[in-house]
Amino acid sequence: MLDAFIIEEIRRREEDRENHRPRPQLPIPEPSRPLPSNDVPAEDEDAPQRGVVIIDYSVPAGP
């Protein structure tokens, strides 16, 4: 069994290695501005409401 000092030393070295790795910096795009509510085209107001349909294909167990 390893001595507690050795285990802590291994843990500390792994943490140091993780902290010194270069991390990629990704540019974050600016959020787009939403359309004002009064500029909504008339087509959207007349569009039918949408919904979700769930189709159950399971077969009930027979007696």
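Quick note: the coordinates plus some simple rules give every number you see, no bench work behind them. A quick note: this is a predicted structure, and the numbers were derived from the prediction, not measured.
Given their separation in residues at 0.36 nm each and the Cα-Cα distance between them, Arg50 and Arg21 gain 5.6 nm when the chain is fully extended.
Listed values for the range 9-14 are Karplus-derived 3J(HN,Hα) couplings in whole Hz (6.51 cos²θ - 1.76 cosθ + 1.60, θ = phi - 60°), namely 5, 5, 4, 5, 5, 5, and x replaces Gly and Pro.
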